[in-house]
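Novice: My structure is below; once you've seen it, I'll send some questions.
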Amino acid sequence: MRHLSRTLAAAAAAVTVLTASGCALFGVPTEDSFPDDYEQALVDTLDASEIVVQHDAAVDGWERASNIPPRDAQVEITPRASEDGAAALLDELLDVAATHSQPLPSLMFDIPDLGVSFTFAGDFEATDAHDALSVAFTDGWGRVSAFGGDDGMSTSLFGGADTVDDAKALLAADLPASVTADVNYSSIVVGELTSASNITAQESLVLQAAIDVAAALEGMNEQLPTADGSAAFEVNSSVHADSGELVHVSVEVRADGLNDAESEDRPAIAEEMGYTDFCHDVEAAAVEGAGETELSFRCVATHVDID
(Lines give C-alpha, C1' and ligand atoms only; values in the text may rest on other atoms or scores of the structure.)
Protein backbone atom coordinates (compact mmCIF):
# COMPACT_ATOMS: atom_id res chain seq x y z
CA MET A 1 0.00 0.00 0.00
CA ARG A 2 1.24 3.49 -0.85
CA HIS A 3 0.40 6.09 1.79
CA LEU A 4 1.15 9.77 2.34
CA SER A 5 4.75 10.32 3.35
CA ARG A 6 5.36 10.45 7.05
CA THR A 7 7.14 13.77 6.55
CA LEU A 8 4.06 15.35 5.00
CA ALA A 9 1.79 13.78 7.61
CA ALA A 10 4.02 15.07 10.39
CA ALA A 11 4.06 18.53 8.81
CA ALA A 12 0.27 18.54 8.56
CA ALA A 13 -0.02 17.48 12.18
CA ALA A 14 2.46 20.17 13.18
CA VAL A 15 0.43 22.84 11.39
CA THR A 16 -2.69 21.62 13.18
CA VAL A 17 -0.96 21.73 16.55
CA LEU A 18 0.55 25.16 15.91
CA THR A 19 -2.82 26.51 14.77
CA ALA A 20 -4.53 25.07 17.82
CA SER A 21 -1.77 26.33 20.14
CA GLY A 22 -1.99 29.77 18.56
CA CYS A 23 -5.69 29.85 19.29
CA ALA A 24 -4.98 28.83 22.87
CA LEU A 25 -2.70 31.83 23.21
CA PHE A 26 -5.68 34.02 22.36
CA GLY A 27 -7.89 32.38 24.97
CA VAL A 28 -9.52 29.67 22.83
CA PRO A 29 -8.94 26.25 24.43
CA THR A 30 -7.80 23.30 22.38
CA GLU A 31 -9.44 19.89 22.28
CA ASP A 32 -7.87 16.52 21.63
CA SER A 33 -10.80 14.16 21.94
CA PHE A 34 -8.94 10.90 21.37
CA PRO A 35 -6.05 9.19 23.17
CA ASP A 36 -2.82 8.83 21.22
CA ASP A 37 -2.77 5.02 21.36
CA TYR A 38 -6.23 4.90 19.81
CA GLU A 39 -5.27 7.31 17.04
CA GLN A 40 -2.11 5.28 16.38
CA ALA A 41 -4.18 2.10 16.14
CA LEU A 42 -6.42 3.74 13.54
CA VAL A 43 -3.38 4.91 11.58
CA ASP A 44 -1.87 1.41 11.71
CA THR A 45 -5.12 -0.13 10.46
CA LEU A 46 -5.27 2.26 7.52
CA ASP A 47 -1.56 1.74 6.76
CA ALA A 48 -2.05 -2.03 6.68
CA SER A 49 -5.13 -1.99 4.44
CA GLU A 50 -4.62 -3.25 0.89
CA ILE A 51 -7.42 -1.03 -0.44
CA VAL A 52 -6.16 2.26 1.03
CA VAL A 53 -4.16 4.28 -1.49
CA GLN A 54 -3.27 7.13 0.87
CA HIS A 55 -4.59 8.85 3.98
CA ASP A 56 -3.80 11.80 6.25
CA ALA A 57 -4.90 10.36 9.59
CA ALA A 58 -2.25 10.98 12.25
CA VAL A 59 -1.68 10.97 15.99
CA ASP A 60 -3.04 14.30 17.27
CA GLY A 61 -4.43 14.82 13.77
CA TRP A 62 -7.87 15.62 15.19
CA GLU A 63 -6.59 18.11 17.78
CA ARG A 64 -8.26 21.47 17.19
CA ALA A 65 -9.31 24.75 18.72
CA SER A 66 -12.66 24.32 20.46
CA ASN A 67 -14.28 26.91 18.19
CA ILE A 68 -13.36 24.98 15.03
CA PRO A 69 -15.45 22.02 13.80
CA PRO A 70 -13.80 18.58 13.85
CA ARG A 71 -11.74 17.89 10.73
CA ASP A 72 -12.22 14.97 8.37
CA ALA A 73 -9.26 12.67 7.96
CA GLN A 74 -9.12 11.93 4.23
CA VAL A 75 -8.80 8.29 3.18
CA GLU A 76 -8.47 7.48 -0.52
CA ILE A 77 -9.53 3.97 -1.54
CA THR A 78 -8.52 2.18 -4.69
CA PRO A 79 -11.19 2.06 -7.43
CA ARG A 80 -10.69 -1.71 -7.50
CA ALA A 81 -12.24 -1.96 -4.05
CA SER A 82 -15.65 -3.61 -3.84
CA GLU A 83 -18.42 -2.64 -1.45
CA ASP A 84 -17.58 -5.76 0.57
CA GLY A 85 -13.93 -4.70 0.75
CA ALA A 86 -14.88 -1.22 1.95
CA ALA A 87 -17.24 -2.75 4.52
CA ALA A 88 -14.47 -5.01 5.79
CA LEU A 89 -12.18 -1.99 6.31
CA LEU A 90 -14.96 -0.15 8.10
CA ASP A 91 -15.50 -3.18 10.35
CA GLU A 92 -11.79 -3.20 11.23
CA LEU A 93 -11.94 0.45 12.22
CA LEU A 94 -15.11 -0.11 14.25
CA ASP A 95 -13.38 -2.99 16.05
CA VAL A 96 -10.46 -0.69 16.89
CA ALA A 97 -12.94 1.87 18.22
CA ALA A 98 -14.73 -0.76 20.33
CA THR A 99 -11.42 -2.09 21.71
CA HIS A 100 -10.49 1.42 22.87
CA SER A 101 -14.05 2.29 23.97
CA GLN A 102 -14.00 5.33 21.69
CA PRO A 103 -16.22 6.69 18.93
CA LEU A 104 -14.84 6.91 15.42
CA PRO A 105 -13.21 10.27 14.66
CA SER A 106 -14.43 11.80 11.44
CA LEU A 107 -13.08 9.72 8.55
CA MET A 108 -13.92 10.63 4.95
CA PHE A 109 -13.40 7.76 2.53
CA ASP A 110 -13.16 8.66 -1.15
CA ILE A 111 -13.03 6.58 -4.33
CA PRO A 112 -12.51 9.40 -6.85
CA ASP A 113 -12.63 7.25 -10.00
CA LEU A 114 -16.02 5.85 -9.01
CA GLY A 115 -17.49 9.09 -7.67
CA VAL A 116 -18.12 7.38 -4.33
CA SER A 117 -17.56 9.05 -0.97
CA PHE A 118 -18.64 8.13 2.55
CA THR A 119 -17.92 9.81 5.86
CA PHE A 120 -18.36 8.23 9.29
CA ALA A 121 -18.02 9.73 12.76
CA GLY A 122 -19.33 8.61 16.15
CA ASP A 123 -20.62 5.33 17.60
CA PHE A 124 -22.17 2.81 15.22
CA GLU A 125 -23.90 -0.50 15.15
CA ALA A 126 -22.19 -2.47 12.37
CA THR A 127 -25.49 -3.09 10.56
CA ASP A 128 -26.29 0.65 10.48
CA ALA A 129 -22.81 1.47 9.19
CA HIS A 130 -23.15 -1.17 6.46
CA ASP A 131 -26.53 0.28 5.46
CA ALA A 132 -25.05 3.77 5.06
CA LEU A 133 -22.13 2.35 3.10
CA SER A 134 -24.49 0.48 0.77
CA VAL A 135 -26.24 3.74 -0.15
CA ALA A 136 -22.91 5.34 -1.10
CA PHE A 137 -22.40 2.46 -3.55
CA THR A 138 -25.94 2.83 -4.95
CA ASP A 139 -26.15 4.34 -8.44
CA GLY A 140 -27.41 7.91 -8.21
CA TRP A 141 -26.36 8.63 -4.64
CA GLY A 142 -22.59 8.25 -4.36
CA ARG A 143 -21.96 10.38 -1.29
CA VAL A 144 -23.17 9.68 2.25
CA SER A 145 -22.20 11.16 5.59
CA ALA A 146 -23.22 9.33 8.74
CA PHE A 147 -22.96 10.31 12.41
CA GLY A 148 -23.60 7.72 15.10
CA GLY A 149 -24.80 8.80 18.53
CA ASP A 150 -26.82 7.69 21.52
CA ASP A 151 -30.06 8.07 19.55
CA GLY A 152 -28.89 6.05 16.54
CA MET A 153 -27.52 7.20 13.23
CA SER A 154 -28.18 10.48 11.42
CA THR A 155 -27.27 10.86 7.77
CA SER A 156 -26.70 13.36 4.97
CA LEU A 157 -27.24 12.12 1.42
CA PHE A 158 -25.98 13.63 -1.82
CA GLY A 159 -27.15 12.36 -5.20
CA GLY A 160 -27.35 13.21 -8.84
CA ALA A 161 -29.42 12.38 -11.90
CA ASP A 162 -29.34 13.30 -15.57
CA THR A 163 -33.06 14.03 -15.91
CA VAL A 164 -36.04 15.06 -13.82
CA ASP A 165 -37.59 11.61 -14.25
CA ASP A 166 -34.37 9.93 -13.13
CA ALA A 167 -34.23 12.17 -10.05
CA LYS A 168 -37.80 11.30 -9.09
CA ALA A 169 -37.11 7.60 -9.62
CA LEU A 170 -34.04 7.88 -7.39
CA LEU A 171 -36.15 9.38 -4.62
CA ALA A 172 -38.81 6.70 -5.03
CA ALA A 173 -36.34 3.82 -4.74
CA ASP A 174 -36.16 1.96 -1.43
CA LEU A 175 -33.34 2.84 0.95
CA PRO A 176 -32.49 1.14 4.26
CA ALA A 177 -34.74 2.33 7.07
CA SER A 178 -31.72 3.00 9.28
CA VAL A 179 -30.46 5.51 6.70
CA THR A 180 -33.77 7.34 6.17
CA ALA A 181 -34.93 7.33 9.81
CA ASP A 182 -32.97 10.47 10.67
CA VAL A 183 -31.88 12.41 7.58
CA ASN A 184 -30.20 15.67 8.53
CA TYR A 185 -29.73 16.97 4.98
CA SER A 186 -30.06 15.77 1.40
CA SER A 187 -29.48 17.13 -2.07
CA ILE A 188 -29.88 16.05 -5.68
CA VAL A 189 -28.22 17.69 -8.68
CA VAL A 190 -30.28 17.30 -11.86
CA GLY A 191 -28.14 17.57 -14.95
CA GLU A 192 -30.79 18.74 -17.42
CA LEU A 193 -31.85 21.69 -15.26
CA THR A 194 -30.08 25.04 -15.45
CA SER A 195 -32.27 27.44 -13.47
CA ALA A 196 -32.31 25.37 -10.27
CA SER A 197 -30.15 22.29 -10.69
CA ASN A 198 -29.23 21.62 -7.04
CA ILE A 199 -32.37 20.75 -5.08
CA THR A 200 -31.95 20.33 -1.31
CA ALA A 201 -33.89 19.33 1.78
CA GLN A 202 -33.54 19.91 5.50
CA GLU A 203 -34.16 16.98 7.87
CA SER A 204 -35.62 14.73 5.18
CA LEU A 205 -35.04 13.34 1.75
CA VAL A 206 -35.71 15.80 -1.09
CA LEU A 207 -39.42 15.83 -1.86
CA GLN A 208 -40.51 14.81 -5.34
CA ALA A 209 -42.62 17.98 -5.38
CA ALA A 210 -39.39 19.98 -5.05
CA ILE A 211 -38.10 18.29 -8.21
CA ASP A 212 -41.33 19.29 -9.99
CA VAL A 213 -40.93 22.88 -8.79
CA ALA A 214 -37.33 23.05 -10.01
CA ALA A 215 -38.46 21.71 -13.39
CA ALA A 216 -41.23 24.33 -13.55
CA LEU A 217 -38.63 27.07 -13.09
CA GLU A 218 -36.52 25.89 -16.03
CA GLY A 219 -35.79 28.76 -18.40
CA MET A 220 -36.90 31.46 -15.96
CA ASN A 221 -33.30 32.65 -15.61
CA GLU A 222 -33.46 33.65 -19.29
CA GLN A 223 -36.58 35.79 -18.92
CA LEU A 224 -35.08 38.67 -16.95
CA PRO A 225 -36.40 42.19 -17.65
CA THR A 226 -32.92 43.75 -18.13
CA ALA A 227 -30.00 42.50 -20.22
CA ASP A 228 -27.49 42.92 -17.38
CA GLY A 229 -29.64 41.15 -14.79
CA SER A 230 -29.19 37.76 -13.15
CA ALA A 231 -31.23 35.54 -10.89
CA ALA A 232 -30.16 32.77 -8.51
CA PHE A 233 -32.76 30.15 -7.62
CA GLU A 234 -32.83 27.95 -4.53
CA VAL A 235 -35.33 25.11 -4.14
CA ASN A 236 -35.45 23.43 -0.75
CA SER A 237 -37.99 21.16 0.90
CA SER A 238 -38.81 19.98 4.39
CA VAL A 239 -41.23 17.73 6.23
CA HIS A 240 -42.62 18.76 9.61
CA ALA A 241 -44.86 16.80 11.94
CA ASP A 242 -47.16 19.80 12.46
CA SER A 243 -47.19 21.41 9.00
CA GLY A 244 -46.48 18.46 6.71
CA GLU A 245 -44.59 18.74 3.42
CA LEU A 246 -43.34 22.14 2.32
CA VAL A 247 -41.32 23.38 -0.65
CA HIS A 248 -39.32 26.57 -0.19
CA VAL A 249 -38.29 28.71 -3.16
CA SER A 250 -35.90 31.63 -2.85
CA VAL A 251 -34.89 33.91 -5.73
CA GLU A 252 -32.19 36.56 -5.56
CA VAL A 253 -32.10 39.04 -8.43
CA ARG A 254 -29.23 41.36 -9.29
CA ALA A 255 -28.95 44.19 -11.82
CA ASP A 256 -27.15 47.49 -12.29
CA GLY A 257 -29.04 50.22 -10.49
CA LEU A 258 -30.64 47.73 -8.13
CA ASN A 259 -27.69 46.16 -6.33
CA ASP A 260 -26.19 49.43 -5.12
CA ALA A 261 -29.45 51.23 -4.31
CA GLU A 262 -30.31 52.08 -0.72
CA SER A 263 -32.10 49.15 0.89
CA GLU A 264 -35.31 51.10 1.48
CA ASP A 265 -35.38 52.12 -2.19
CA ARG A 266 -34.91 48.68 -3.68
CA PRO A 267 -38.56 47.50 -3.71
CA ALA A 268 -39.68 50.58 -5.70
CA ILE A 269 -36.68 50.37 -8.05
CA ALA A 270 -37.30 46.66 -8.60
CA GLU A 271 -40.89 47.42 -9.56
CA GLU A 272 -39.81 50.14 -11.98
CA MET A 273 -37.25 47.85 -13.61
CA GLY A 274 -39.70 44.96 -14.00
CA TYR A 275 -38.17 42.65 -11.40
CA THR A 276 -41.27 42.61 -9.23
CA ASP A 277 -43.31 41.26 -12.15
CA PHE A 278 -40.51 38.78 -12.86
CA CYS A 279 -40.77 37.53 -9.27
CA HIS A 280 -44.54 37.16 -9.65
CA ASP A 281 -44.01 35.06 -12.78
CA VAL A 282 -41.50 32.84 -11.00
CA GLU A 283 -43.85 32.39 -8.05
CA ALA A 284 -46.75 31.46 -10.34
CA ALA A 285 -44.61 28.83 -12.07
CA ALA A 286 -43.44 27.45 -8.71
CA VAL A 287 -47.00 27.22 -7.37
CA GLU A 288 -48.07 25.31 -10.45
CA GLY A 289 -45.11 22.96 -10.13
CA ALA A 290 -45.79 22.32 -6.44
CA GLY A 291 -49.32 21.06 -7.12
CA GLU A 292 -50.95 20.08 -3.82
CA THR A 293 -47.77 20.62 -1.81
CA GLU A 294 -47.58 23.83 0.20
CA LEU A 295 -45.11 26.39 -1.13
CA SER A 296 -43.25 29.25 0.53
CA PHE A 297 -41.71 31.88 -1.74
CA ARG A 298 -39.26 34.72 -1.29
CA CYS A 299 -37.73 37.09 -3.85
CA VAL A 300 -34.94 39.43 -2.76
CA ALA A 301 -32.46 41.96 -4.11
CA THR A 302 -29.30 41.93 -1.98
CA HIS A 303 -31.22 40.52 1.01
CA VAL A 304 -34.15 42.95 0.72
CA ASP A 305 -37.59 41.54 -0.06
CA ILE A 306 -38.91 43.01 -3.29
CA ASP A 307 -41.99 40.83 -3.80
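The values are calculated or read from the model by the stated rules, or taken from the named source; none is laboratory data. Source: prediction; values computed, not measured. Heads up, the Cβs are rebuilt from the backbone with ideal geometry, glycines too, and the neighbour counts pull from every protein chain shown. Just so you know, the surface numbers come from the protein's heavy atoms only, side chains and all, with ligands and any DNA or RNA stripped out. Shrake-Rupley method; radii C 1.70, N 1.55, O 1.52, S 1.80 Å.
Novice: Using only the alpha-carbon atoms of region 137-269 as identical scatterers, what base-10 log of I(q)/I(0) does the Debye formula give at q = 0.22 Å⁻¹?
Specialist: Evaluating at q = 0.22 Å⁻¹ gives log10 I(q)/I(0) of -1.25.
Novice: Just by accessible area at a 1.4 angstrom probe, what is the order of V247, V53 from largest to smallest?
Specialist: V53, V247
Novice: Something else: Per Stokes-Einstein, at 20 °C and 1.002 mPa s, what whole-number D in µm² s⁻¹ belongs to region 192-306, with the Kirkwood radius over Cα pairs as the hydrodynamic radius?
Specialist: 148 µm²/s
Novice: Tell me what the chain gives for mean residue ellipticity at 222 nm when only DSSP H runs of n ≥ 4 count, each as -39,500 (n - 2.57), the sum divided by the residue total, rounded to 500 deg cm²/dmol.
Specialist: -11000 deg cm²/dmol
Novice: What percent does the relative contact order of region 22-191 come to when contacts are Cα pairs within less than 8 Å and at least six residues apart?
Specialist: Worked out over region 22-191, it gives 15 percent.
Novice: Whenever you get a sec, compute what percent of the accessible area on the chain sits on carbon and sulfur atoms (1.4 Å probe).
Specialist: 48 percent
Novice: Report the Cα centroid-to-centroid distance between region 74-133 and region 51-67 in angstrom, as an integer.
Specialist: Using only Cα atoms, the two centres lie 15 Å from each other.
Novice: Nearest 20 debye, what's the magnitude of the dipole of region 192-306 about its Cα centre given +1 on Lys and Arg Cβ and -1 on Asp and Glu Cβ?
Specialist: 240 debye
Novice: Near the amide H of V300, under 5 Å away, which other amide H atoms are found, from residues 5 or more places off or on another chain, if H is placed in the peptide plane?
Specialist: V251, E252, V253, I306
Novice: A follow-up question, please. Per residue of region 270-282, what does 6.51 cos²θ - 1.76 cosθ + 1.60 with θ = phi - 60° give for ³J(HN,Hα)? Whole Hz please, x for Gly and Pro, Karplus curve as stated.
Specialist: Residue by residue, region 270-282 yields 4, 5, 4, 7, x, 6, 5, 5, 4, 4, 4, 5, 5 Hz.
Novice: Let's test this: bin the Cα-Cα distances of the chain at 20 Å from zero up to the farthest pair and state each bin's percent.
Specialist: Bins of 20 Å from zero give 28, 45, 26, 1 percent of pairs.
Novice: In addition: Mind checking the dipole of the chain: about its Cα centre, +1 per Lys or Arg Cβ, -1 per Asp or Glu Cβ, Debye to the nearest 20?
Specialist: 840 debye
Novice: Using the Karplus curve 6.51 cos²θ - 1.76 cosθ + 1.60 with θ = phi - 60°, work out ³J(HN,Hα) for each residue of region 46-56 in order, rounded to whole Hz, and write x for Gly and Pro.
Specialist: 5, 4, 7, 6, 6, 9, 8, 7, 7, 7, 10
Novice: Give the ranking of R71, R298 by solvent-accessible surface, highest area first, calculated with a 1.4 Å probe.
Specialist: These residues rank, largest area first, as R298, R71.
Novice: What is the set of long-range amide H partners of I77 at a cut-off below 5 Å, with H atoms built 1.01 Å from backbone N?
Specialist: So I77 has HN proximity to V53, D110, I111.
Novice: Could you report the chain's accessible area per residue, 1.4 Å probe, as an integer in Å²?
Specialist: It amounts to 49 Å² per residue over the chain.
Novice: On to the next question. Determine ³J(HN,Hα), in whole Hz, for all residues of region 96-107 in sequence, where each value follows from phi through the Karplus function 6.51 cos²θ - 1.76 cosθ + 1.60 and θ = phi - 60°; x replaces Gly and Pro.
Specialist: 4, 4, 5, 4, 9, 6, 10, x, 5, x, 5, 10
Novice: With an 8 Å Cα cut-off and a minimum separation of 6 or more residues, compute the relative contact order for the chain in percent.
Specialist: 10 percent
Novice: Related question: If amide hydrogens are placed 1.01 Å from N in the peptide plane, which non-local residues have theirs closer than 5 Å to the one on E245?
Specialist: Residues meeting the amide H criterion: H240.
Novice: Can you work out D for region 22-191 in µm² s⁻¹ from Stokes-Einstein, where Rh is the Kirkwood radius over C-alpha pairs, the temperature is 37 °C and the viscosity is 0.692 mPa s?
Specialist: Value of D from the Cα-based Kirkwood radius: 194 µm²/s.
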